[in-house]
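Chemist: Below: one structure in structure tokens.
The values are calculated or read from the model by the stated rules, or taken from the named source; none is laboratory data. The structure presented is a predicted model; accordingly, all values stated were derived computationally and were not measured. With ideal geometry, Cβ positions are generated from the backbone for all residues, glycine too; neighbour counts draw on all protein chains shown. Side chains are part of the model used for accessible areas, which takes the heavy atoms of the whole protein and leaves out ligands, DNA and RNA. Shrake-Rupley method; radii C 1.70, N 1.55, O 1.52, S 1.80 Å.
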Amino acid sequence: MRFCPLIAILTFVCALAAPALAQQPEETTPEEITEQPLVPDEERETVQIATPGAATLTRADVEAWLDGFMPYALADGGIAGAVVVVVGKGEVVLQKGYGLADVEENTPVDPESTLFRPGSVSKLFTWTAVMQLVEDGRLDLDTDVNEYLDFEIPEGPSGEPITLRDIMTHTAGFEERLKSLIFEDEAALQPLGESLASWVPERIFRVGTTPAYSNYATGLAGYIVERVSGQSFDDYLDAHIFEPLGMANATFRQPLPERFEGQMSAGYATAWGDAKAFELVNPAPAGSLSASGSDMAKFMLAHLQQGSYDGVRILEPETVREMHRTMLTMIPPLHRMALGFYESDVNGRNVIAHGGDTQWFHSDLNLFIDDGVGLFISMNSAGRDGATSRIRMALYEMFADRYLPGPEPSGTVDEATAEEHAAMMAGTYVNSRRAETSFLSALGLVGQVKVIDNGDGTISVPFFDDFSGKPTVWREIAPFVWLESRGEQQLAAVVQDGVVRRFSIDGLSPFMVFDPAPWWKSSSWLLPLVSASLVALLLTALLWPVKAIVRRRYAQPALFAGADLSVYRWTKIASIVTLAVIAAWMVTISTMFSDLGMLSGVLDAWLMALQLLSLIVLVGSFVVSLRHAWRVWTGERRWPAKVWSLVLVIAFGAVLWVALVFHLIGFDTHY
């Protein structure tokens, strides 16, 4: 599943782009790929896929290349083990394990039997199941999903229902739901339908307008498969995908069936850390798959061969083509969503893909659908400093450059235009994949994306780092289309009436876009204001005992008496309790994300108490500051005291504003 270290907005006028750049792959049927059975290891050396100027895709060449890349990448990134699978033209070119599946037992990764957790790559199986039922006439992609459910999905902002097509393209409009996404306690597992009906996330976007990645929506699709097929989701996949394809080492079942326990790779934070418990994913259709590299090869080959593998067909060719080629264009010329897969074109090649992340496992699956080539990697450790993301991207791009090269985007705009457009882009943006109505929306205050005008016609976006960990610099190659300085990823914006309405980058654009932050919640002014406010409150709290000690040391009389003394003391107390409440929120949210098991509801009582405490303390403190300012300004205090009283009103007001806008004050535990 994609969540951060993310992830996190359409019918605006599309960005202008040079025709050559804006041209998308033609949605025509590719030549039929010859269906071939899986070839034994000793015969795979005969597989040769070559492009002029490229290395030949043979087992020997791929293995030599990977053996030079993977061991160093894993060691440098602090990753215990990985599996890599390459398929081409109906055969497995190479499937190989690297490193260890169990560090303590010194067990090497076996591509045939070691199980990995591909995270959101699991969704491709859910979408395949949906398309099987569409093919059978039991599901329709454009029917209101409420027709298939036994609970109601409320209407969205404009009153439209959602459909399976909306779900498969991540445009149903749901806000992010994180509660009980990943946990370890088997007792917390709920039946799929019960879990989905317990809380329906708000729909914060109009249907079909904004890509916003949603695990919840994928869960709905899986539940619809259950409801329509009459089988549990697990039973359906076993009967209609795993068994027909001979995927004997694959399951969505949770907890892991006993027969697989000895095959499951341990998960790690880093290669030198302790093994972690088996992760439970909710909703299961969004990411609970456990599978070997060998079995993932069979699934890739089935999709590359028009729905057939080893003489067994799981989808008709027309259905596969619809699934792979039905693209939702949002921001040309960036990558688009297909039906479940997302576009990941490189070197002019037509590529569909999906990535996946749990806490400990990190995976990518890429299909070069016109070339008949597939690449899969899964790693069993989070690693250090975002290593898994860099390894996956490097592996994919270097693989494509070596075996499937092609033209890279190019172009230029004049200097004046580049400088004008860079200035237009500068600002603060919010991610479409976000919590909007819960206290976790507070993460948006520090998580907004800033676009910087570098002053030379280029822009930088610190949120997107390059391989070295430095912010990527983007150079404009067509109107409102930028190319990263050391690569081929593009960034593009949608502009309407001379205003930038949204932007995204390749790799995120199919399911995540960035819209300008509304002024009233923009971190560009709120973050500095709140930071300064907390400093003012901290100084107020710290100087109270300091002043008392100084007066006592020099036998000075109290500065205030009566009502003035009471207001003075309450202002200091308000500063202390406000700081305590904000600190409690920071520690709570940090704790929840240090271990995603803490998102399972174990803190619900504390969260409810903290929200109530925030209401009492933050509203009460603001009232105290107003009373204090009134006493100071109607009394005979000097001007520094009067100015400071206003500073405190602003400080308490700013904290209260943030608490209201980002839902630190509330009365529910849905998030």
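Chemist: Out of PHE174, PHE205, PHE183, I need the residue that is crowded, with 19+ Cβ neighbours inside 10 Å and either at pLDDT below 95 or in contact with a Cys (Cβ under 8 Å, 6 or more places away or on another chain) (or both). Which one?
Modeler: PHE183
Chemist: On to the next question. What is the residue count in the range 557-600 for residues that are of a type outside the set (Gly, Ala, Ser) and within 30 Å of ALA382 (Cβ to Cβ)?
Modeler: Of the residues in that region, 13 qualify.
Chemist: Another one. For the range 530-549, state whether one or more residues are surrounded by fewer than 17 Cβ atoms within 10 Å (Cβ to Cβ) and not in a helix (DSSP H, G or I).
Modeler: No, the conditions are met nowhere in the range 530-549.
Chemist: Going through PHE151, PHE174 one at a time, which residue ends up being in contact with a strand residue (DSSP E or B) (Cβ under 9 Å, 6 or more places away or on another chain) and closer than 17 Å to PRO285 by Cβ?
Modeler: PHE174
Chemist: For the range 623-671, which residues satisfy the criterion of being out of contact with any Leu (no Cβ under 7 Å at 6 or more places or on another chain), assigned to a helix (DSSP H, G or I) and open to solvent by less than 60 Å² (accessible area, probe 1.4 Å)?
Modeler: VAL624, VAL632, ALA641, LYS642, SER645, VAL647, LEU648, PHE652, GLY653, VAL661 - these are the residues of the range 623-671 that are out of contact with any Leu (no Cβ under 7 Å at 6 or more places or on another chain), assigned to a helix (DSSP H, G or I) and open to solvent by less than 60 Å² (accessible area, probe 1.4 Å).
Chemist: Now for a different question. Before we move on, is LEU538 under 13 Å from LEU579 (Cβ atoms) and at pLDDT 95 or above?
Modeler: yes
Chemist: Right, THR326: out of contact with any strand residue (DSSP E or B) (no Cβ under 7 Å at 6 or more places or on another chain) and surrounded by fewer than 23 Cβ atoms within 10 Å (Cβ to Cβ) or not?
Modeler: yes
Chemist: Quick check on the range 189-200. Is at least one of its residues open to solvent by 10 Å² or more (accessible area, probe 1.4 Å), within 21 Å of the chain's Cα centre (by Cα) and not small (Gly, Ala, Ser)?
Modeler: yes
Chemist: From the list GLY88, GLY81, GLY97, which one is open to solvent by less than 50 Å² (accessible area, probe 1.4 Å), over 19 Å from ALA271 (Cβ atoms) and not polar (S, T, N, Q)?
Modeler: GLY88
Chemist: Cβ-Cβ below 8 Å, separation at least six or inter-chain, first residue in the range 55-67 and over 13 Å from VAL373 (Cβ atoms), second open to solvent by less than 50 Å² (accessible area, probe 1.4 Å) and part of a loop (DSSP other than H, G, I, E, B): which pairs?
Modeler: What qualifies is ARG59/VAL47; ASP61/ALA55; TRP65/ALA55.
Chemist: Please indicate, with yes or no, whether at least one residue in the range 281-293 is surrounded by fewer than 24 Cβ atoms within 10 Å (Cβ to Cβ), in contact with a Pro (Cβ under 9 Å, 6 or more places away or on another chain) and on the phi < 0 side of the Ramachandran plot.
Modeler: Looking for residues that are surrounded by fewer than 24 Cβ atoms within 10 Å (Cβ to Cβ), in contact with a Pro (Cβ under 9 Å, 6 or more places away or on another chain) and on the phi < 0 side of the Ramachandran plot, one finds none in the range 281-293, hence no.
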